[in-house]
Amino acid sequence: MNKNIKTILYSLIATFTVTTAIGSINANANTKKYNHFDKAETSAKTITKNQNWADRLNKHGYTFRIQKHQMDSFSGEFTRNLNRKKPSNYSLKDVEKFADSNMNFRVNHIWSYKNGLEANVVSQSGKVSGWIQYNSLYNKEQANKSLKPLIKIENRIADKAEDVTFYQYEGKKIHENKINKAKASINNDLKQAQTEANKLTGNNKKLADKSIKEAKVFAKNSDIKNLPALLVGRM
């Protein structure tokens with residue numbers, strides 16, 4: 001299945017699930033708390049806090065960076081954390097500079113709203129902070145050569161878990177054989193992932209073991225909020 005089509009379908013399913021499970025909160029009240037501009041003017045009247053998701057990524061520390069791609073006013077939008085009624089964005093040139101310099105960020109909050117997801121991030125120096133499109137972030141450890149074999153396996157697991165979600169959405173009885181086959185393959189991949197993790201030492205081993213735990217959760221529920229931190233940015 002085409003990955004772009006899959007991503008759109010899974011995102012729609014995930015958005016519905018997250019919104020139903022967590023519920024929505026009043027945008028104005030949380031705007032005051034987190035110094036974020038009121039998105040009611042441009043997109044939706046309500047937003048959803050995903051704090052458990054944000055807290056999980058926060059524990060990974062300053063490991064996230066901004067994607068280096070051709071930015072536009074949407075993908076490059078980075079709104080400062082400031083106490084003002086009107087939004088104040090970093091310039092597109094500044095955002096490109098943050099990306100090109102491999103500036104490291106930590107995730108503090110993740111909000112979902114009508115048109116997508118935004119993450120509140122802060123740089124390691126503390127000088128740069130604000131709200132940016134979640135899909136504009138990626139995990140810097142994806143460039144770690146020691147972790148590349150594991151990441152490759154986890155990407156396979158994620159693809160198959162998303163396939164299972166789609167098959168179940170269409171009908172468990174219709175796709176029963178495909179679902180069983182995909183789940184069996186995922187279990188084999190998880191075993192292979194652990195084998196790769198056992199080859200590692202030190203911090204790489206800790207990262208790998210933690211990521212495998214997250215991959216097991218995602219294998220059971222491929223909601224985007226369960227995606228392993230190592231795979232952030234794969235979309």
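The values are calculated or read from the model by the stated rules, or taken from the named source; none is laboratory data. Because the structure is predicted, anything quoted here is derived from the model rather than measured. Every residue, glycine as well, gets a Cβ built from its backbone with ideal geometry; the counts of neighbours run over all protein chains shown.
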Which numbered condition Ala184 misses (of (1) assigned to a helix (DSSP H, G or I); (2) buried (at least 21 other Cβ atoms within 10 Å of the Cβ); (3) among the hydrophobic types (A, V, I, L, M, F, W, C)): (2)
Conditions (1) in a loop (DSSP other than H, G, I, E, B); (2) more than 28 Å from Asn89 (Cβ to Cβ); number of the one not met by Ser125: (2)
Residue among Pro149, Pro87 that alone is assigned to a loop (DSSP other than H, G, I, E, B) and either in contact with a Pro (Cβ under 9 Å, 6 or more places away or on another chain) or more than 21 Å from His69 (Cα to Cα) (or both): Pro87
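Only one of these is at pLDDT 95 or above and of a type in the set (D, E, K, R): Lys173, Lys199, Lys114. Name it.
On the way: Lys173 fails: at pLDDT 95 or above; Lys114 fails: at pLDDT 95 or above.
Result of the check over Lys173, Lys199, Lys114: Lys199.
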First in region 208-221 and farther than 15 Å from Asn187 by Cβ, second anywhere and at pLDDT 95 or above, Cβ under 6 Å, 6 or more apart: Ala208/Leu150; Ala208/Ala197; Ala208/Leu200; Asp209/Ala197; Ser211/Pro228; Ser211/Leu230; Glu214/Pro228
Hits in region 194-216 - residues which are farther than 13 Å from Leu231 by Cβ, β-branched (Val, Ile, Thr) and not in a loop (DSSP other than H, G, I, E, B): Thr195
Looking only at region 160-175, and only at residues there that are surrounded by fewer than 12 Cβ atoms within 10 Å (Cβ to Cβ) and in contact with a helix residue (DSSP H, G or I) (Cβ under 9 Å, 6 or more places away or on another chain), the one that is farthest from Ala219 (Cα to Cα): Ile174
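Suppose we filter Val217, Val164 for residues that are touching a Ser or Thr at 6+ places or on another chain (Cβ under 9 Å) and either at pLDDT 95 or above or not assigned by TED's automatic domain parsing to the domain that holds Glu96 (or both); which single one remains?
Working: Val217 fails: touching a Ser or Thr at 6+ places or on another chain (Cβ under 9 Å).
So the residue among Val217, Val164 that is touching a Ser or Thr at 6+ places or on another chain (Cβ under 9 Å) and either at pLDDT 95 or above or not assigned by TED's automatic domain parsing to the domain that holds Glu96 (or both) is Val164.
Tally the residues that are within 15 Å of Leu57 (Cβ to Cβ) and not hydrophobic (A, V, I, L, M, F, W, C), restricting the search to region 94-122.
To start, the set of residues in region 94-122 that are within 15 Å of Leu57 (Cβ to Cβ) comprises 104-112, 117-122.
Going one step further and asking which of them are not hydrophobic (A, V, I, L, M, F, W, C), we end up with 104, 106, 108-109, 112, 118, 120.
Going through region 94-122 one residue at a time, the tally reaches 7.
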Tabulated pairs, region 91-104, first under 13 Å from Ser136 (Cβ atoms), second in a helix (DSSP H, G or I) and among the basic types (Lys, Arg), C-beta under 8 angstrom, 6+ apart or interchain: none
Residue count for region 94-122, restricted to those that are within 15 Å of the chain's Cα centre (by Cα) and of a type in the set (Asp, Glu): 1
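Can you find a residue that is under 30 Å from Thr48 (Cα atoms), charged (D, E, K, R) and in contact with a helix residue (DSSP H, G or I) (Cβ under 8 Å, 6 or more places away or on another chain) anywhere in region 180-203? Give the steps one after another, and end with the answer.
Pass one, region 180-203, residues under 30 Å from Thr48 (Cα atoms): none.
Checked against the condition, which is being under 30 Å from Thr48 (Cα atoms), charged (D, E, K, R) and in contact with a helix residue (DSSP H, G or I) (Cβ under 8 Å, 6 or more places away or on another chain), region 180-203 yields no hits at all.
For region 125-173, name all the residues that are among the aliphatic types (A, V, I, L, M) and within 20 Å of Leu57 (Cα to Cα).
Restricting attention to region 125-173, the residues satisfying the condition of being among the aliphatic types (A, V, I, L, M) are 128, 132, 137, 143, 147, 150-151, 153, 157-158, 161, 164.
Those that are among the aliphatic types (A, V, I, L, M) and within 20 Å of Leu57 (Cα to Cα): Val128, Ile132, Leu137, Ala143, Leu147, Leu150, Ile151, Ile157, Ala158.
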